[in-house]
């Protein structure tokens, strides 16, 4: 089986990990994982595309084998800055990107900030809150947002890390979170997503603070403006069994210059795991 090489780079005083699947000289494809995930979540996609691309998959700050941020610095602009740093430090003129969830949000916003640097973009349920949820959030006062954030941080300060006695227990938790996963895929995701504690138990690699949503980050209005800046072709992927909102139905597709939506049956939020072959068929057709 083709395996990647782990490498590191620096961003905002953090050492961040990424894996490089080789194929120097080929067009570059960056794969960006979602919240509470890791770069090896993309292994099946990477192996499928590594013959035609140099595939690079970073561990976002606070995830996988990357450093955890000091304090709770996990705003969208932090992630975008880290992606800019990776592209600059590898001296990449332009890239194609596939992003899932948080990773899709990072990808679409980066493409709006630096439209000339992105050739093609696939976002798997990466447009953030649905319009109905955004409208509800906009009714909250600044004080309410700050109090909500403070309560989140207070809970995390005293909440112990989730621990597992065995690798099998972590695998079982992965399957509980996503019933579409096969045993093999759940074990792969779990093994690359846990680390040993000093007491011999296992815990997830991600920093619990990545789950905090800063109230004063890039707004829905800012997001729509950035989406409208994107000039490359965009494929928006949606799972028909997901809790996420379909951008074709909720109207968000209108903010893109050149986008199409593909909906995958029998798939939830993790479309690329839930229906891998159907997902890859849509992506490979798009990329070609």
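We did not get these values from a lab; they are worked out from the coordinates using the rules stated. Predicted model only: the values in this text are computed from it and were never measured. No Cβ is skipped: glycine too gets one built from the backbone with ideal geometry, and neighbour counts run over all protein chains shown.
The table below gives the values:
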{"read-out": "Cα coordinate range in the range 144-288, projected on the principal axes (Å, largest first)", "value": "53, 42, 23"}
{"read-out": "Order of 127, 181 under a 10 Å beta carbon neighbour criterion, fewest first", "value": "181, 127"}
{"read-out": "Computed lengthening from residue 75 to residue 6, 0.36 nm per intervening residue step minus Cα-Cα distance", "value": "22.3 nm"}
{"read-out": "Globularity ratio of the chain, using Cα Rg and 2.2 N^0.38 Å", "value": "0.97"}
{"read-out": "Neighbour-count ranking [beta-carbon atoms within 10 angstrom, fewest first] of 153, 16", "value": "153, 16"}
{"read-out": "Additional length obtainable on full extension of the chain from residue 184 to residue 129, 0.36 nm per residue less Cα span", "value": "16.7 nm"}
{"read-out": "Added length on full extension, which subtracts the Cα-Cα distance from 0.36 nm per residue, residue 163 to residue 176", "value": "3.1 nm"}
{"read-out": "Ranked 39, 203, criterion: other C-beta atoms within 10 Å, fewest first", "value": "203, 39"}
{"read-out": "Rounded to 5, the percent of DSSP beta bridges in the chain classed as antiparallel", "value": "40"}
{"read-out": "Between the range 1-26 and the range 162-222, the Cα center-to-center distance that results, in Å", "value": "21"}
{"read-out": "All Cα pairs of the range 104-144, percent lying beyond 11 Å", "value": "69"}
{"read-out": "Pairwise label distance in nanometres, residue 136 with residue 191, each label 7 Å out on the Cα-Cβ vector", "value": "4.0"}
{"read-out": "Mean residue ellipticity (222 nm) of the chain, computed from DSSP H runs ≥ 4 via -39,500 (n - 2.57), nearest 500", "value": "-11000 deg cm²/dmol"}
